[in-house]
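Heads up, the thing below is written out as structure tokens.
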Amino acid sequence: MKKVEIFDPAMCCSTGVCGPSVDPELTRVASAIFALEKKGFDITRYNLTSQPDKFVDQLDVNNILMSKGPDALPVVLVNGVIEKVGSYPTNGELAKWFDVKAEDLTGEKPRMPIKLNINNLK
């Protein structure tokens, strides 16, 4: 089975799909990853903000960061080999790597819990 690792730029949360203006590309990627995880595939995202140690420990990613800077992110590895630098994988690429249909990656969106304290509403 293939293992895909995505080294994301610094983002406010693990998916980047929060805040007032959401990048549609991040929404697409989050949805595709959610679908793959739900099927049991090995795909992991690392966020530069919350997991900088992963960027240091992975030597190829560290070399890219040192030579090109954080604007080179995201970096995508498939089975430990760099496949993409500077852009997220397309649904077609993810489908090819995991031997699934690209259409299977566009369905259900990940759900994020919202905490609301109604006692603070005025």
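The values are calculated or read from the model by the stated rules, or taken from the named source; none is laboratory data. Treat the numbers as computed from the prediction; the structure is a model and nothing was measured. Ideal geometry is used to build each Cβ from the backbone, glycine not excepted, and the neighbour counts take in all protein chains shown. To get the accessible areas, we keep the full protein, side chains included, count just its heavy atoms, and leave off ligands, DNA and RNA. Shrake-Rupley method; radii C 1.70, N 1.55, O 1.52, S 1.80 Å.
One residue stands out among those in the stretch 60-95 that are open to solvent by 40 Å² or more (accessible area, probe 1.4 Å) and hydrophobic (A, V, I, L, M, F, W, C): the one that is nearest to THR106 (Cα to Cα), which is VAL85. Kindly establish whether ASP23 is more than 14 Å from LEU94 (Cα to Cα) and either open to solvent by 30 Å² or more (accessible area, probe 1.4 Å) or modelled with pLDDT of 95 or more (or both). Taking the combined requirement at face value, the residue satisfies it.
Does PRO52 meet the test of being loosely packed, with under 15 Cβ neighbours inside 10 Å, touching a Pro at 6+ places or on another chain (Cβ under 8 Å) and either modelled with pLDDT under 95 or among the acidic types (Asp, Glu) (or both)? Criteria not met by PRO52.
Annotation: of all residues in the stretch 5-14 being open to solvent by less than 40 Å² (accessible area, probe 1.4 Å) and either farther than 19 Å from VAL78 by Cα or small (Gly, Ala, Ser) (or both), the one that is modelled with the lowest pLDDT is CYS13. Applying the set (1) loosely packed, with under 14 Cβ neighbours inside 10 Å; (2) modelled with pLDDT under 95 to ALA32 leaves exactly one unmet item: (1). Listed by first and then second residue, the pairs linking a residue in the stretch 59-70 that is within 17 Å of SER87 (Cα to Cα) and of a type outside the set (Gly, Ala, Ser) to a residue that is open to solvent by less than 30 Å² (accessible area, probe 1.4 Å) and part of a helix (DSSP H, G or I), with Cβ atoms under 8 Å apart and 6 or more places separating them unless they lie on different chains, are VAL61/PHE55; ASN62/PHE55; ILE64/ALA72; LEU65/PHE55; LEU65/ALA72.
On inspection, GLY92 fails the criterion of being small (Gly, Ala, Ser) and at pLDDT below 70. In the stretch 96-109, is there at least one residue being acidic (Asp, Glu), modelled with pLDDT under 85 and surrounded by fewer than 16 Cβ atoms within 10 Å (Cβ to Cβ)? Checked the stretch 96-109: at least one residue is acidic (Asp, Glu), modelled with pLDDT under 85 and surrounded by fewer than 16 Cβ atoms within 10 Å (Cβ to Cβ).
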